1. What is the fewest-to-most order of 37, 107 by other Cβ atoms lying within 10 Å of their Cβ?
2. Would you mind ranking 38, 151, 59, 116 by Cβ crowding within 10 Å, fewest neighbours first?
3. Which of 118, 50 comes first, and how do the rest follow, when ranked by fewest Cβ neighbours within 10 Å?
4. Relative contact order of the stretch 49-176: what whole-number percent is it, with Cα pairs under 8 angstrom and at least 6 residues apart?
5. Given a Förster radius of 35 Å and the C-beta distance between residue 157 and residue 109 as r, what FRET efficiency does 1/(1 + (r/R0)^6) yield to the nearest 0.05?
6. Once R0 is set to 30 Å, what does the formula 1/(1 + (r/R0)^6) return for the Cβ-Cβ distance between residue 37 and residue 120, expressed as a FRET efficiency to the nearest 0.05?
7. Please give the length that would be gained between residue 50 and residue 138 if that part of the chain were fully extended, namely 0.36 nm times their separation in residues minus their C-alpha to C-alpha distance (nm, one decimal).
8. Would you mind checking the stretch 50-73 for residues with the amide N under 20 Å from a putative spin-label position 7 Å along Cα→C-beta of residue 92?
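What follows is calculated from the coordinates using simple rules that are stated; it is not laboratory data. None of these values were measured; they are calculated from a predicted model. Positions of Cβ are generated from backbone atoms using ideal geometry, with glycine treated the same way; all protein chains shown enter the neighbour counts.
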């Protein structure tokens, strides 16, 4: 009798834990979907500038629209944040070079002067101005080498380094990515 009661309690505890975990996953999925719907545009913003042009011309606090491809490093993501680097679309990823078998083509390891063609993007909350804590890959459904058009504010530090505080972004469909 004691054994069956212990067994029932154990089964009930495992079932409760599984239900709680399933609810957490469902809640996370809803949260990711809400973030995606709030920050990802259905239509591409007009007059996007390249990363190179934006780096050269944008002043601190300028409104900018910039187009680039996610990459520039072996890991272009920031863990636990909606932040990533983008590369000027004029550069070729390793996967676009005949015969190149690079396992991480989004790092653009064959490109010279990559730093002049890369910019860091943080997706920020429109009320607080702080970077979203959601992972960009999950919440915004982004992947390496996606072409994105980012709308936001230029932020220059004292050394002149540029970050884009993005309020919205558009992901170009793969068949239109190189336009």
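1. Numbers: 37 9, 107 20.
In order of increasing Cβ crowding within 10 Å: 37, 107.
2. Going from least to most buried by this count: 59, 116, 38, 151.
3. 50, 118
4. On the way: 285 pairs, mean separation 39.0, N = 128.
It rounds to 30 percent for the stretch 49-176.
5. Values: r = 26 Å, r/R0 = 0.74.
After rounding to 0.05, the efficiency reads 0.85.
6. About 0.80, to the nearest 0.05.
7. Values: separation 88, 0.36 × 88 = 31.68 nm, distance 2.54 nm.
Length gained, residue 50 through residue 138: 29.1 nm.
8. Those under the cut-off are 51-52, 68-73.
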